[in-house]
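Encoded as structure tokens, the structure appears first; notes follow it.
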């Protein structure tokens, strides 16, 4: 009986040590919820912080010249990546606010990227961009929705925020006013803490 108790105590100590190790590791990659919750108001109330540990910008997209571009090229900047389509009415509604956000916050450490899910690719996207006068956000095409599938995008629009190292910081499904004061405060918060 005494050996059983000693083995049980040793086993419990090992389990607690392993649990403490993983809790410590996950807290190094997590957002301080007491700081982020007050920022999740207005159109940002649906933003869900994530705890990505590994870089996720692995796949490539097509630029306007039909050339493959890796989003890894933008490593070193916080990226707000919006998945949209020209046939998606909610997507169209938020494109102007994304364009304005790029004007307000775009620069050396932040960029807005719109990735079209249109099957007709640039044949659909270029006329839409011209008609809508969207000149500030980088736009790409996701051939065969490869990147959207890789990132488990389940509906449009979906917007994902990535750290400077390409780790997912959070995502918002549905529309948002990306140039609103709430969105700008959220972006500025991540600009301060992002690695």
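The values are calculated or read from the model by the stated rules, or taken from the named source; none is laboratory data. In this text, all values refer to a predicted model and were calculated from it rather than measured experimentally. With ideal geometry, Cβ positions are generated from the backbone for all residues, glycine too; neighbour counts draw on all protein chains shown.
Here are the numbers for this structure:
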{"quantity": "Criterion violated by residue 123 - all others in (1) free of Cβ contacts under 8 Å to residues at least 24 places away in the same chain; (2) closer than 23 Å to residue 78 by Cβ satisfied", "calculated": "(2)"}
{"quantity": "Out of 152, 123, sole residue that is part of a loop (DSSP other than H, G, I, E, B), out of contact with any strand residue (DSSP E or B) (no Cβ under 6 Å at 6 or more places or on another chain) and surrounded by fewer than 19 Cβ atoms within 10 Å (Cβ to Cβ)", "calculated": "152"}
{"quantity": "Unique match (being at pLDDT 95 or above and part of a strand (DSSP E or B)) among 175, 86, 139", "calculated": "139"}
{"quantity": "Residue check, residue 135 out of contact with any helix residue (DSSP H, G or I) (no Cβ under 9 Å at 6 or more places or on another chain) and more than 28 Å from residue 48 (Cα to Cα)", "calculated": "no"}
{"quantity": "Some residue of the stretch 5-23 being modelled with pLDDT under 80 and within 20 Å of residue 149 (Cβ to Cβ)", "calculated": "no"}
{"quantity": "Test for residue 129: is it more than 15 Å from the chain's Cα centre (by Cα), free of Cβ contacts under 8 Å to residues at least 12 places away in the same chain and either buried (at least 17 other Cβ atoms within 10 Å of the Cβ) or not assigned by TED's automatic domain parsing to the domain that holds residue 78 (or both)", "calculated": "yes"}
